[in-house]
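Accompanying notes for the structure given below.
The values are calculated or read from the model by the stated rules, or taken from the named source; none is laboratory data. Bear in mind that the values here come from a model prediction, so they are computed numbers and not experimental data. Backbone-built Cβ (ideal geometry, glycine too); neighbour counts: all protein chains shown.
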Amino acid sequence: MPEFSNKKLLEVLNTACITLDADGIVIETNTVFQSQNIIADSEIIGKPIADFIPEKDPKSLSSLLQSEIGEITLCFTDSQKVSKPISAKTVKTQNEDGTPVILVLLSTGTDQNSLIDKIASLEEQLRTERQLSVFGHIFPGIAHNINNPLAVIIGRIQLLQIQSPMHPEIGAVQNQAKAIKKIIDTISFKFNHETEKNATPIVIRDLLQNELDFLIADPFFKHKIQKQINLDINTPPVLGIYSDFSTAIMSIVNFSVDSMLGTDPKNFSLRLSTDSAFILIDIADTGLPIAATEIADFFLKFIPKQTERIGKQIIDLRLAYQLLEKYKSSVSIVKNDQNGKQFQIKIPCYAT
């Protein structure tokens with residue numbers, strides 16, 4: 001059975017949601033639905049949504065599945081054999097490949113009209129991302145076409161340096177050529193690893209170094225922030241999917257950087273260390289602190305947002321928390337006061 005591929009949209013809605021195919025068959029549920037123990041996935045996925053509609057009328061159900069936005073009442077039986085009706089709204093959308101799907105948003109005290117507006121906004125973001133992804137598909141060819149003449153340039157510079165070792169401009173040109181090569185290598189490394197869908201050995205030190213090199217493209221991070229980076233340690237490889245770790249870690253990094261947009265001073269530090277059992281990543285800043293009332297369940301109730309900085313990265317600390325949990329890892333707030341905050345990520349040395 002095909003899965004709904006707009007995972008990002010499904011998970012950031014922050015309300016219980018069921019996904020149907022065009023025929024009304026349940027494809028999957030989101031994390032919020034699962035956490036509320038409404039019904040086990042095994043009892044709903046693959047079933048017609050009609051099975052959960054009391055006093056269903058085939059004609060009205062057919063009409064509902066054709067509507068752009070509709071209303072529906074579902075009835076689930078809990079472990080005590082008690083049936084509880086839940087009102088919901090349906091919204092027609094589509095997979096990233098263009099196939100139609102229907103989102104069923106359950107009423108759990110959330111304003112569903114605002115959720116529908118949010119869906120429209122997220123769909124627009126996803127369309128933009130799909131347009132940008134075209135660049136990702138052709139980047140390997142672009143990198144190859146840049147690297148070939150760049151290698152010739154670097155080779156010629158080296159020859160000139162041998163012939164005229166005292167020429168004052170040769171060193172500067174050589175440094176700039178090497179800088180261009182590093183940029184291409186950084187993007188290539190990220191592209192190759194982000195598109196890998198299988199678990200592979202990941203050296204966290206290398207991942208952090210490359211992600212920070214990539215972040216230097218952000219002028220705010222590059223020019224406005226005082227950075228103290230300490231990655232001078234060899235870490236054992238962990239088995240996992242690169243994009244899981246990069247998404248989780250960089251969501252926290254970008255949240256930290258974002259919190260300094262309107263504050264001074266702007267000091268950021270990232271330190272990598274290990275103890276007998278864990279790889280430790282400490283991320284600290286002098287930005288706005290987290291409200292004391294939000295600390296207890298800060299990660300699980302975090303509402304995803306888009307950074308205002310260049311690149312418009314999505315910051316989703318709830319997803320970061322969940323991705324780290326997938327590898328028996330964790331993130332915690334170890335400092336939070338008027339001078340800033342510090343996050344600590346703990347990854348088991350042999351995470352699987």
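Remarks
Yes/no per residue for (1) among the acidic types (Asp, Glu); (2) over 16 Å from the mean Cα position of the chain (by Cα):
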site: Asp297; (1), (2): yes, yes
site: Ala320; (1), (2): no, no
site: Lys335; (1), (2): no, yes
site: Asn339; (1), (2): no, yes
site: Gln344; (1), (2): no, yes
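- Considering the stretch 216-241, and only residues there that are without any contact (Cβ under 8 Å) to a residue 40 or more places away in the chain and not in a loop (DSSP other than H, G, I, E, B), the residue that is nearest to Lys346 (Cα to Cα) turns out to be Lys222.
- Only one of the numbered conditions (1) surrounded by 13 or more Cβ atoms within 10 Å (Cβ to Cβ); (2) over 23 Å from Leu288 (Cβ atoms) is not met by Asp258, and that is (2).
- Close pairs (8 angstrom Cβ cut-off, 6 or more residues apart or separate chains): more than 15 Å from Ser330 (Cα to Cα) in the stretch 288-299, hydroxyl-bearing (Ser, Thr, Tyr) anywhere: Leu288/Ser259; Leu288/Thr263
- Scanning the stretch 252-269 for residues that are among the β-branched types (Val, Ile, Thr) and over 21 Å from the mean Cα position of the chain (by Cα) yields a single hit, Thr263.
- Positions within the stretch 15-45 being closer than 11 Å to Leu103 by Cα and among the hydrophobic types (A, V, I, L, M, F, W, C), in sequence order: Ala16, Cys17, Ile18, Leu20, Ala22, Val26, Ile27
- Among the candidates Ile345, Ile333, Ile310, residue that is of a type in the set (Val, Ile, Thr), in the same structural domain as Phe220 (by TED's automatic domain parsing) and assigned to a loop (DSSP other than H, G, I, E, B): Ile310
- Hits in the stretch 313-330 (condition: in a loop (DSSP other than H, G, I, E, B) and at pLDDT 85 or above): Asp316, Tyr327, Lys328, Ser329
- You will find that of Ser256, Ser276, the residue that is among the polar types (S, T, N, Q), part of a helix (DSSP H, G or I) and under 30 Å from Asn198 (Cα atoms) is Ser256 and no other.
- Scoring Cys349 on the criteria (1) surrounded by fewer than 21 Cβ atoms within 10 Å (Cβ to Cβ); (2) of a type outside the set (S, T, N, Q); (3) more than 22 Å from Thr200 (Cα to Cα) leaves a single failure, condition (3).
- Subset tally (residues that are outside any loop (DSSP other than H, G, I, E, B) and more than 28 Å from Ala217 (Cα to Cα)) for the stretch 281-307: 3
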